[in-house]
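Any read-out appearing in this document is the output of simple, stated calculations on the displayed coordinates, not a laboratory observation. The structure displayed is predicted, hence computed values, not measured ones. Positions of Cβ are backbone-derived with ideal geometry, glycine not excepted, and every protein chain shown enters the neighbour counts.
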Amino acid sequence: MTRHLILLLLLIFFSDLTATAQGSMSQAVRAFALDEDLAGAVVAIDVVDVSTGQRLAAHQPDLALIPASTQKLITTAIAMDVLGADHTFRTRLLSSGTLEKGVLSGDIIIEGGGDPSLASPYLEGVPRLPELLDRWVDKIRRAGITEVRGRIIADDAYFGTDGSAPGWPWADLGNYYGAGAYGLNVHENFYFLDLLQRSRVGDRPAVQRLRPSVPGLSLSNELRSGPRGSGDQAYIYGAPYGYDNYVRGTIPVGTGTFTIKGAIPDPPLFLAQLLREALAAEGVAVRLPAVTTRQLGADDRPSVKVLDEHHSPKLSSLVDRTNLRSNNLYAEALLRAVNKERGRELALLASPEYYLEWLEERGLPTKGLQFEDGSGLATRNFFSPEFMTAFLRSQAGKSRWRQSIPLAGKTGSMRSYLKGTVADGRLWAKSGSLGAVRAYAGYIRSAKGRELAFCIMVNNHTMEGRPLRNKMLALMKELCQLAP
C-alpha cells in the first residue's frame with residue numbers, strides 16, 4: 001500500500017469520525033431544543049470549531065436573544081485590550097487647607113478613581129474595610145492632624161453620578177447585584193442583611209442587623225417566611241441615593257440567621273461617613289458632616305496634600321472577579337474605565353456604544369446587536385449565538401483573559417458542577433441568568449485536543465431555574481463527550 005493511499009484512507013477515516021460526531025452533536029442539540037419542558041421558550045444554540053469555523057451543531061444560531069451575564073465576556077475582553085492587563089485603579093487620601101498646632105482648617109478628601117475592589121470583602125490582597133479605615137486614620141494622625149475644622153469629602157466625580165445603567169429593572173436596584181459603579185466604590189457597594197428565621201410559614205422574619213451598618217438607611221420589613229427549602233426569594237427595593245428601602249418576598253422557615261445582601265444607596269457618602277466615625281473614635285474631631293462632591297457641586301480645591309495612595313490589584317485580577325463570580329459592579333466599572341480611557345465625556349461613560357466599534361475593528365459581525373450596559377443586567381441587550389461563537393473564536397488566543405472563564409469542576413461559578421465527569425477540566429463556561437433568561441457560552445476541549453466554541457441561550461422559559469440549569473449542564477456534558 002502506497003504512502004499516499006494510507007494518508008487518503010486516514011483522511012477518510014477521520015472525516016467519517018468527525019461527521020459521526022457532528023451528527024451526534026446535532027442530535028443532542030435538537031433533543032434539548034425540542035424538550036417538552038421548554039415548550040414556548042425560545043432556544044438558540046451554536047457550536048463551532050475554533051480553528052476552522054466549521055459549524056458542528058446548531059439550532060436557530062442567528063436568532064438574537066437576551067444574553068444576561070454572558071455579555072461580561074465581551075466587556076472584559078474589551079477592557080483587557082483597551083486598558084491592559086496591568087492597569088490599576090487609584091484612590092487617594094488628601095488634605096486641603098492649612099494645618100496649625102494639629103488643627104486642619106480645611107477638609108479631608110477621599111479621591112476616587114473608580115476602583116471596584118476598594119475594601120472588597122472577598123478579593124485576595126485587598127485591605128478589608130476596617131483595615132482600610134485604620135490605615136487612613138493612622139495616615140491622618142501621622143500628618144499631625146488632631147482636629148478637622150472642615151469636612152470629610154468623598155470625591156466621587158471620576159465616573160459622574162450615573163451609577164446604575166438606564167435599562168436596569170427597578171426590582172434589582174436595591175439588591176447587591178444591582179449596585180451601581182461610582183467614582184468611589186467601597187465594600188463592592190453592598191451590605192449584609194442578617195434576618196432571624198421563623199418557624200411558621202407566613203410569619204415575618206426579623207431584621208437582626210446590617211453589616212456594615214449604613215447611616216441613615218431605613219428598611220421597611222415586609223418579608224414573610226416561605227416553606228422550608230424555598231431559598232432566597234427576598235428582594236430589597238430602593239434606588240441609588242435613596243435611603244427609604246423596602247424588603248419584600250420570602251426567606252425559608254428555620255431557626256437560624258438567614259443573610260441576604262443589599263445595595264448601599266450612596267457608597268461614596270457611606271465611606272466618608274465611616275471615616276468620620278473612625279476618626280472620632282480615635283479622638284480626631286471633624287466639625288462638619290461628611291459630604292460628597294455630588295452634593296457639593298463645583299468644589300474649588302486650589303491645593304492639596306497627599307496623605308495616602310492606594311492602588312487596586314491589576315486589571316487581570318479584576319477581570320477574574322468579574323467573570324468567575326459574575327460581578328455586575330466590576331463589569332460596569334470596567335465599561336466606564338474603558339470610556340474614560342478613550343476620552344469620552346462624563347455623561348457617556350455608562351454607554352457601551354464603543355462595543356460596536358471595537359467589534360467591527362476585529363471583523364466581527366455587528367448587525368442585529370444591541371448593548372445597554374456592561375454587565376448584562378439590562379433587559380434590552382441582545383445578540384445571537386453565532387455572534388458569540390464568532391467572538392469567542394476571535395479571542396481564543398487571549399490566554400490571560402480565558403483564565404477568567406469558569407472551568408467545570410475547578411473554578412468560579414462552575415467549580416461545583418460536572419466534577420468528575422468528562423467535562424471536568426475541559427469545559428469553560430460563563431453563565432448568565434436574568435428572569436426568564438438562562439445562557440452559557442465558552443469553550444470545549446475534546447479528548448483529542450480539538451477546541452470548540454459554543455453558546456446556548458434560552459429566553460422566555462417557564463421552568464424553575466435549577467431544573468433548567470441542570471438540563472443545560474447535561475447538554476454541555478454531552479457536547480464534551482461527543483466533541484471530535
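The table that follows gives values for the structure above.
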{"quantity": "Cα-based reach from K139 at 16 Å (exclusive), listing lysines while leaving out same-chain residues under 8 positions away", "calculated": "K305"}
{"quantity": "Relative contact order of segment 170-263, defined on C-alpha pairs under 8 angstrom at six or more residues apart (%)", "calculated": "39 percent"}
{"quantity": "Part-to-part distance (alpha-carbon centres) for segment 351-413 and segment 445-484, which is given in Å", "calculated": "18 Å"}
{"quantity": "Antiparallel DSSP beta bridges within the chain, as percent of all bridges there, nearest 5", "calculated": "75 percent"}
{"quantity": "Within straight-line cross-link reach of K477, aspartates and glutamates at Cα separation under 18 Å, skipping those fewer than 8 residues along the same chain", "calculated": "D35, D46, D49, D424, E451"}
{"quantity": "16 Å tail of the calculated P(r), segment 170-263, as % of Cα pairs", "calculated": "51 percent"}
{"quantity": "Restricting segment 226-261 to trypsin sites (Lys or Arg not before Pro) in coil, as DSSP defines it, with at most 13 other Cβ within 10 Å", "calculated": "R228"}
{"quantity": "Relative contact order (percent, whole number), the chain, Cα cutoff 8 Å, 6+ residue spacing", "calculated": "22 percent"}
{"quantity": "Cα-based Rg / Dmax (Å) for segment 350-441", "calculated": "14.6, 42"}
{"quantity": "Tilt relative to the chain, helix 465-482 - C-alpha long axis, 0 to 90 degrees, to 10", "calculated": "50 degrees"}
{"quantity": "Trypsin sites (Lys or Arg not before Pro) restricted to DSSP loop in segment 417-457 with at most 11 other C-beta within 10 Å", "calculated": "K448"}
{"quantity": "Given K261/K419; K101/K314; K261/K340, the pairs whose alpha carbons are separated by over 31 Å", "calculated": "K101/K314"}
{"quantity": "Taking the convex hull of Cα positions in the chain, its mean projected area over all directions (nm²)", "calculated": "26.4 nm²"}
{"quantity": "Rg in Å to one decimal, and Dmax rounded to a whole Å, for segment 331-484 via C-alpha atoms", "calculated": "16.6, 50"}
{"quantity": "Low-density loop positions, trypsin sites (Lys or Arg not before Pro), segment 83-131 - DSSP coil, at most 12 other Cβ in 10 Å", "calculated": "K101"}
